[in-house]
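The values are calculated or read from the model by the stated rules, or taken from the named source; none is laboratory data. Note that the coordinates shown come from a computational prediction; the quantities given were computed from them, not determined experimentally. Cβ sites come from the backbone with ideal geometry, for glycine too, and all protein chains shown count toward neighbours. Heads up: the accessible areas ignore ligands, DNA and RNA and are worked out on the full protein's heavy atoms, side chains in. Shrake-Rupley method; radii C 1.70, N 1.55, O 1.52, S 1.80 Å.
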Amino acid sequence: MKQAILPELEKVKQQADFMIKNKEILDDKDIETFLKSLEKIRYDMFAKVRLNNKNRIGREPISYINEEYKAEVKQGILKIYIPEVLPKFKNISNYAYKNIMISTAEAIKDYQGLFDKRLTLVVIIVHEKQVNMDIDNKYVKPIIDSLVLQNIIQDDNISNMMYMVQGKNDTKKPYTEVFVMDATYMTTWLEKLADTF
């Protein structure tokens, strides 16, 4: 395994060395490019670890999933804790998307089939220290895709799922909460609202 990930470690070293040597002239775009590159390298390493774990017959697999991701069910509602803020649409990379999706899917794997074909409401609450958060810019797809991947919901089409997103300016350490529940919590209210008009 050590040999397999050496190329990625070498890339990290080269890029970090470049950033340190050029620290006086770096701008925000350089830092953003570096961080996106790190995300790609991390995902490539994870892919190699996953492959290695499949071949580790009789040995403990190497842990690589972020264990801060948590999930629990109370009174029929699935709560998921994601220890990071969702990326913005304009900053999303394939690797950031896969990291959140895979880590979330791992956290919820024990609840497969929980909602099956029922219409489900997914409530996403983004906590971060930001007064003017544009919540419609948050990229929720990795969360929804992890629910489908683990068969918590059968599909993410209009027959199976509806969602809402809220932002809260209430923490210095960003995180995201997700609540997945039977959509009758919302549809009953929507029907009453429609009748009002």
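Of the residues making up the stretch 71-78, one or more are over 23 Å from the mean Cα position of the chain (by Cα), open to solvent by 80 Å² or more (accessible area, probe 1.4 Å), of a type in the set (S, T, N, Q) and within 25 Å of SER146 (Cβ to Cβ).
Would you check if VAL148 is in contact with a Phe, Trp or Tyr (Cβ under 8 Å, 6 or more places away or on another chain), closer than 22 Å to TYR69 by Cα, surrounded by 12 or more Cβ atoms within 10 Å (Cβ to Cβ) and among the aliphatic types (A, V, I, L, M)?
The answer is no for VAL148.
On the basis of being farther than 26 Å from ALA47 by Cα, of a type in the set (D, E, K, R), over 13 Å from the mean Cα position of the chain (by Cα) and surrounded by fewer than 18 Cβ atoms within 10 Å (Cβ to Cβ), does LYS173 make the cut? Lay out the reasoning, then the answer.
Details: farther than 26 Å from ALA47 by Cα: yes; of a type in the set (D, E, K, R): yes; over 13 Å from the mean Cα position of the chain (by Cα): yes; surrounded by fewer than 18 Cβ atoms within 10 Å (Cβ to Cβ): yes.
Yes: the conditions hold for LYS173.
Among all residue pairs at least 6 apart or on different chains, which show Cβ distances below 7 Å where the first residue, located in the stretch 37-62, is free of Cβ contacts under 8 Å to residues at least 60 places away in the same chain and the second is assigned to a helix (DSSP H, G or I) and open to solvent by 80 Å² or more (accessible area, probe 1.4 Å)? Partner pairs satisfying both residue conditions: ILE41/LYS11.
Just one residue in the set ILE41, ILE20 is over 28 Å from GLU106 (Cβ atoms) and either of a type outside the set (Lys, Arg) or touching a Cys at 6+ places or on another chain (Cβ under 9 Å) (or both); that residue is ILE20.
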